[in-house]
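Please treat every number below as a calculation from the coordinates, not as lab data. Everything numeric in this text was worked out from a predicted model, so none of it was measured. In this analysis, Cβ positions are derived from the backbone assuming ideal geometry, glycine residues included, and neighbour counts consider all displayed protein chains.
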Amino acid sequence: MRKALLLALTGLLACTGVASADDFPQKGKPITFVVPSTAGGGADTAARLLAPLLEKDLGVPVEVVNKPGASMQIGLGYVATAKPDGQTIALLVLPTAASGYLDTERKSPFGRDSLVPIGLYYGAPFGIVVTSSSPFKTLKDVVDAAKAKPGKIKAGTSGFMATGHFAALAFENGTGTKLATVNFQGGGPQLTALMGGHTDVSMNSIGELVTQQKSGALRILAVMSDKRDPNLPDVPTVGEAGYPEIGAIGSDIGLAAPAGTPQAVIDRLTLALKTAMDDPTLKERMTEYGNTLSYLPPAEYAAFWDKVDARFKPLIEAARKQGQ
Amino acid sequence: MTTQRVYQITSVAIFIPSVLLVRGALELHYYTPMGPGPGFFPFWLALILALLSVITFLEATFGEAARELARGKADFASDRAGLFRLVTLLLALAGAAFFLERVGYGATMFVMNAVVLWALGTRNPLTILVVAAIGSFGIEYVFSHWLNVPLPSEDLPGLCPSWLCGA
Amino acid sequence: METFLLLIGGFADVLHPGNLAYALIGCVLGTLIGVLPGIGPAAGTAILIPVTATLDPTGSIIMLAAIYYGAMYGGTITSVLINTPGEAASAVTCLDGYAMARLGRAGPALSVAAIGSFIGGTIATIGLVFLALPLTRLALTFGPPEIFALLLIGLVLVTSLASQSISRALIAATIGLLLAQVGIDPIMGMQRFTFGQLELMDGLPIVPVVMGLFGIAEILLSIERPLTAMFAPPVGSLYMSRQDVRRSAGPVARGTLIGFMLGLIPGLGSMIPAFLSYAVERRISKHPDEFGRGAIEGVAGPETANNAYANAALIPLFTLGIPGSPTTAILMGAFMINGLVPGPTLFVEHAQFVWAVIASLVVGNLILLVLNLPLIPLWVAMLRVPYPILVVIVLAFCVVGAYSLSNQTFDIGVMLAFGVAGYLMKKVDIPAAPLILTMILGPLLESALRQSLEMSGGDFMIFFDRPLSTALIVLAVAVLAVSSLKTFNQVKVDAEA
């Protein structure tokens, strides 16, 4: 034990030297990969599949650390204020991250400018779904029913101001209808209520529906995206189903670093992400979960991010109004 | 201090914040077209709490058990040494929470453990050293190596030898 | 018959030495991680997912499931021995388990928990095999209005956690409900009582609160006393007496039923079945005054309900592909990492795997029992460790546990603050258990109410339009009436005495 203490003291004295951009990644210095949601969730699974591949390319350990809470603001706030040296990076989930600073009620600790993009990783579009025994066979059936009985068709979402809630609002705006939006606490209760007939339709991330779709318990009426989902070739997009005004809604997940991180470091991380995403097993697994790999380099990712902000700002304001 | 007095103070200590909470709840939306708003439950709950604290005050002051309570002696910090142990432990814990992410788990907990052991009357330096080390560097080792749980350790990497806490 | 054959096949797979070893390792790891305060089943399984990632799918799921129910049992050990629940569900066990330990009856408390867990877990697994589909359909009839009515019964039963004074129990319950108001509300997404603290936006984290109110408070109370009088309970018999067995039989049977039924309804969490079982036992007991002072029924019922719940919560995962609790959500993640998509198709596409996992639940529960019964003397011997050393170890684990829940020091602060609160509450005779219960019930109740009203467009009649919710509400009113009557009579008896 005494030896350990001695070693500890010498180690303390020897602890000098600051990393510069040139020698990134620094051998033996682990990179903290912050996932702003709980372990075991969809985003976490995606991060844990990616981490070993980043590790392989960068040659340093990449540790996934979950910092969940406050609609991802705790984890992202942590990264936004971390030292901008590339040792701390975040999994950035849009639009959830953006709702933090776009919604004035939340007093977010970070803004659009506190994080810089490394690259887009994947997208998970939303779908409009009913049970297989539902009288609604097409998206048009739902719209017609909502027009006939305004405010009576019950639409389940996974939570107030969750992406599904925005999807329900986009549906209302795009079709000129009114739904009875029921905001659950999480996807489990939301899907159970749909299957039990307590709600009529549900807005879900396609990835959450893989199982039930396969078993035939649920029917996905339309994908809220510009193009069909490779997993669901027979399901039309909302545009194809006749309601292009609903528009695309989905989660888009990428990597980001604290603002001020040297460009060389960002470039290195972008390269690692791009290399990792070429891995065939990663692609296979991610597709299986209903996710679409969609790499974008930093510049395009930044432009994409701005587009997401513009798209969701009015929906967030609409959600605020809806409660009152 | 009598038990009765302690009970009365408790009632007042609950009454004041509950009144403040009632006021705070009034600033929130009370009702919406879809039923109770965010301020509905805080308002009524705080009001009920205020009422309950008044009831317990009256019970302690005029109730059937009041006379008995007036004779009872409050069981607070029996002696100075007990109070010292209590405060030391609380300070040690607060310090640990403060330094954990700044200094790292191992070193912080080593100091906290040693302080607590000493405060609780352990004087044998070897015992203090060994137990404090097991409760700090030992736990850190188990968590970071066997369970893959990252504990904060960045800022002073030298304090925990790299063969023990390193990657 | 076909089911039976498939199950036999499953057993053949599990009894394969490799899989048996994984179940064993899982039980050991689960128990160990459950023993660490703060790291309950959910955090424990999440932490150990990478450990299992290298195994084949069957082995890895068998091991994770074993970790899951191992952790459920492990939480009991610290609740009984040092009044520090590892998670909210074991908070109920503290009430009588720790009281039993103070009387030198830690051994029987741990035995009954182990045996009850085994029985509850095994029967729930048998239910999973033979009744999964019809029961799932039954569970689906529980929409938000029914869940609201069910939670209402739980809230009404809160007075059964009262120690002496009803008004003090009500104060604790109201404080718990108020604490549950902290955070972004589920209705309009407004911040309530967050004081601008980001960490409070999701509400107060329940596990650090539980660890503070029970574990830290208990440490504070005991170190305040003279050093010589510090915690050194007598050690009586290690195993259950005939009377213990007789008194536990009923609670175990009822606990199994309660845990099993509630496990089918997603989103309730494991504390509610444990608490409900406790409340039921106390209500129907012939000697309710013994509760809180070391009644073995108060350990047998909740601990059984706990594990029956854990195994039953797997039913929605298997039959619908819907995770009903945080832990099953993590298990679902593990399925997915292994390329298995849970849900009804799993029975068709990976029948061998499913039945092996189900058989492993039975075998694992048995392993847990034979592993834990002989270990009881060892756990009890832990109380022989000099108290200062015990305190240091417990504190160190509490700090790690609180921190690693969401990797933030804020949670350590919460634990500390509620430690002080728990200490003060003990001094002024305000019970902690009702506070914890209502703190868990509160947000569920408010959300279920809101969701029901969102379904009906703001019309409260929704609760009476539906037969099941009407029946449950009537039951809640009846329970309230009976409890008030009982309380009233109690007061009268006290006054006459």
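Some points to look at:
- Once the Cα gyration tensor of segment C:229-385 is diagonalised, semi-axes √(5λ) in Å: 34, 20, 14
- Span-like helix ranges in chain C, DSSP H, alpha carbon extent 24 angstrom or more, Kyte mean at least 0.5: C:17-35, C:57-82, C:106-140, C:351-381, C:387-406, C:410-427, C:433-456, C:467-496
- Overall Cα dimensions of segment A:226-266 - principal axes, largest extent first, Å: 46, 23, 13
- Kirkwood-Stokes translational diffusion coefficient of chain B, alpha-carbon pairs, 10 °C, 1.306 mPa s, µm²/s: 77 µm²/s
- Kirkwood radius, segment A:137-196, all distinct C-alpha pairs, inverse of mean reciprocal distance: 11.7 Å.
- Counting only alpha carbon atoms, the long axis of helix A:298-323 and the longest principal axis of chain A meet at about 50°.
- For segment A:89-219, convex hull volume per residue from C-alpha positions, Å³: 130 Å³
- Of all DSSP beta bridges in the protein assembly as shown, antiparallel share, percent nearest 5: 70 percent
- Here the ratio of the Cα radius of gyration of segment C:1-142 to 2.2 N^0.38 Å is 1.18.
- Antiparallel DSSP beta bridges within segment A:125-249, as percent of all bridges there, nearest 5: 60 percent
- Spherically averaged projected area of segment B:11-51 from its Cα convex hull (nm²): 2.5 nm²
- Pairs of C-alpha atoms in the protein assembly as shown farther apart than 50 Å represent 19 percent of all such pairs.
- Rounded to 10°, Cα long-axis angle of helix A:139-148 versus longest principal axis of chain A: 60 degrees
- Cα-only Debye scattering, segment A:180-324: base-10 log of I(q)/I(0) at q = 0.10, 0.17, 0.22 Å⁻¹: -0.48, -1.21, -1.48
- Span from the segment C:120-142 Cα centroid across to the segment A:191-260 one, whole angstrom: 30 Å
- Convex hull of segment C:338-402 built on C-alpha atoms - directionally averaged projected area, nm²: 7.3 nm²
- Helical runs assigned H by DSSP (4 residues or longer) give chain C a calculated mean residue ellipticity at 222 nm of -24000 deg cm²/dmol, each run adding -39500 (n - 2.57) before division by the residue total.
- With Cα atoms, 0 to 90° folded angle of helix A:263-277 axis to chain A main axis: 60 degrees
- Spatially, segment B:1-79 and segment C:257-303 are offset by 29 Å when compared through their Cα centroids.
- Where the Cα pairs of segment C:139-273 fall when distances are cut into 10 Å bins, in %: 9, 22, 34, 25, 10, 2
- With at most 16 neighbouring Cβ atoms within 10 Å, loop trypsin sites (Lys or Arg not before Pro) (DSSP) excluded, longest segment of chain C: C:1-285
- In Å, descending, principal axis extents of the Cα set of segment B:3-71: 54, 18, 11
- Scattering curve values for segment C:2-496, log₁₀ I(q)/I(0), Debye with Cα scatterers, q = 0.08 Å⁻¹: -0.46
- Translational diffusion coefficient of chain A (Stokes-Einstein, Kirkwood radius from Cα pairs, 4 °C, 1.567 mPa s): 62 µm²/s.
- Here, segment C:117-183 has an Rg and a Dmax of 17.5, 46 Å when only alpha carbons are counted.
- Here the protein assembly as shown is treated with +1 on each Lys and Arg Cβ and -1 on each Asp and Glu Cβ, and its dipole about the Cα centre works out to around 1900 debye.
- Relative contact order of chain A, defined on C-alpha pairs under 8 angstrom at six or more residues apart (%): 25 percent
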